[in-house]
Amino acid sequence: AQSVTQPDIHITVSEGASLELRCNYSYGATPYLFWYVQSPGQGLQLLLKYFSGDTLVQGIKGFEAEFKRSQSSFNLRKPSVHWSDAAEYFCAVGAYGSNFGNEKLTFGTGTRLTIIP
Amino acid sequence: GAVVSQHPSRVICKSGTSVKIECRSLDFQATTMFWYRQFPKQSLMLMATSNEGSKATYEQGVEKDKFLINHASLTLSTLTVTSAHPEDSSFYICSAGGQGEGNSPLHFGNGTRLTVT
């Protein structure tokens, strides 16, 4: 069974500082990996995804993530955060080989990001 | 714009009544839709997979007679919470993906906040 661990429940970062959110996954084959952002009371917005190819993926809003198979990690990074980045961030893994677009995703528990002036 | 529309965004109902939540794919045909539940400050937990024209597949521990899912068309899936109780109060989110979407990600609705009084 697949699983996702986000070890940091809450992170506080100063505006303009760099950010790294950690994500580790467990899956027996090549995973599909996703990062989503959720504002309070809202649905999920996809930031970026990894399926294959270049292990450094670029997303929206200046985010990027790097897939490291040896570490089973897919950490999310941003060089300089903005106050509007404050939200909940979820890492998710989807089963490889499924009909893409119809994966059953397993989510991590999320990391809440707070930005201070 | 939103490609998955979820309605209503908020609903308050009395204990013992039933509530129907709709999830529509707006500009694509969704052969599969997923229903998630999210408790406050927690991650999304998959409840069931809704397949167009066939019975939904429920995750372990989810009562299929309580959470009725209907996916009668390629653009609409509904989740009905029957005989709702206060413990059913939660945030429900649907996601949808269609066949042949290639590398397109799953699309999420904005969620429905259910409060049972």
* Asked: For residue A:23, which sequence-distant residues (separation of 5 or more, or a different chain) have an amide H within less than 5 Å of its own amide H, given hydrogens modelled in the peptide plane?
  -> A:74, A:75, A:76
* Structure fact -> Applied in sequence order to the range B:37-44, the curve 6.51 cos²θ - 1.76 cosθ + 1.60 (Karplus, θ = phi - 60°) yields integer Hz couplings, x standing for Gly and Pro, of 10, 10, 7, x, 6, 10, 7, 8
* To do: Could you compute the FRET efficiency for residue B:17 and residue A:112, with r as their C-beta to C-beta distance and R0 at 41 Å, rounded to 0.05?
  => 0.80
* Which of the lysines could a cross-linker bridge to residue B:20, judged by Cα under 29 Å and excluding same-chain residues fewer than eight apart? -> A:104, B:41, B:55, B:64, B:66
* Leaving out ligands, DNA and RNA but keeping every protein chain, what accessible area does residue A:82 have, in Å² rounded to the nearest 10, with a 1.4 Å probe? -> 80
* **GNM result for chain B, Cα springs below 10 Å: residue of B:41, B:20, B:55 fluctuating most strongly** => B:41
* What is the distance, in nm, between label points placed 7 Å from the Cα along the Cα-to-Cβ direction at residue A:84 and at residue A:10? -> 2.6
* What Rg and what Dmax come out for the protein assembly as shown when only alpha-carbon atoms are used, in angstroms? -> 17.7, 52
* Counted charge near residue A:39, where neighbours are those whose Cβ lies closer than 11 Å (Asp, Glu -1; Lys, Arg +1) -> -2
* Determine the relative contact order of chain B: mean sequence separation of Cα pairs under 8 Å and six or more apart, normalised by residue count, in whole percent. => 37
* **Kirkwood estimate for the range A:1-43, i.e. one over the average of 1/r between Cα atoms, Å** => 13.0
* **Surrounding net charge for residue B:18, when Lys and Arg each add one and Asp and Glu each subtract one, Cβ distance under 11 Å** => +2
* Structure fact -> Applied in sequence order to the range A:28-45, the curve 6.51 cos²θ - 1.76 cosθ + 1.60 (Karplus, θ = phi - 60°) yields integer Hz couplings, x standing for Gly and Pro, of x, 9, 5, x, 8, 10, 9, 10, 10, 10, 10, 8, x, x, 10, x, 9, 10
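Which of rounded, prolate or oblate describes the range B:32-111 when judged by the alpha-carbon gyration tensor and an a/c cut-off of 1.5?
Cα axes put the range B:32-111 in the oblate bin.
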* Asked: By a straight-distance test (C-alpha under 14 Å), which aspartates and glutamates pair with residue A:61 as possible cross-link partners, with residues fewer than eight away in the same chain excluded?
  -> A:85
* Structure fact -> HN-Hα couplings for the range A:90-95 via Karplus (6.51, -1.76, 1.60; θ = phi - 60°), in whole Hz with x for Gly/Pro, come out as 10, 9, 9, 10, x, 6
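Counting Lys and Arg as +1 and Asp and Glu as -1, what is the net charge of the other residues whose Cβ lies under 9 Å from the Cβ of residue A:64?
+1
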* **Partnerless cysteines, meaning none of the other Cys C-beta atoms lie under 4.7 Å away, in the protein assembly as shown** => B:13
* chain A - percent relative contact order, Cα under 8 Å, separation 6 or more -> 37
* What is the distance in Å between the Cα centres of the range B:18-45 and the range A:1-66? -> 21
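The values are calculated or read from the model by the stated rules, or taken from the named source; none is laboratory data. Because the structure is predicted, anything quoted here is derived from the model rather than measured. Every residue, glycine among them, receives a Cβ derived from its backbone with ideal geometry; neighbour counts consider all protein chains shown. Ligands, DNA and RNA are excluded from the accessible area calculation, which covers all protein heavy atoms including side chains. Shrake-Rupley method; radii C 1.70, N 1.55, O 1.52, S 1.80 Å.
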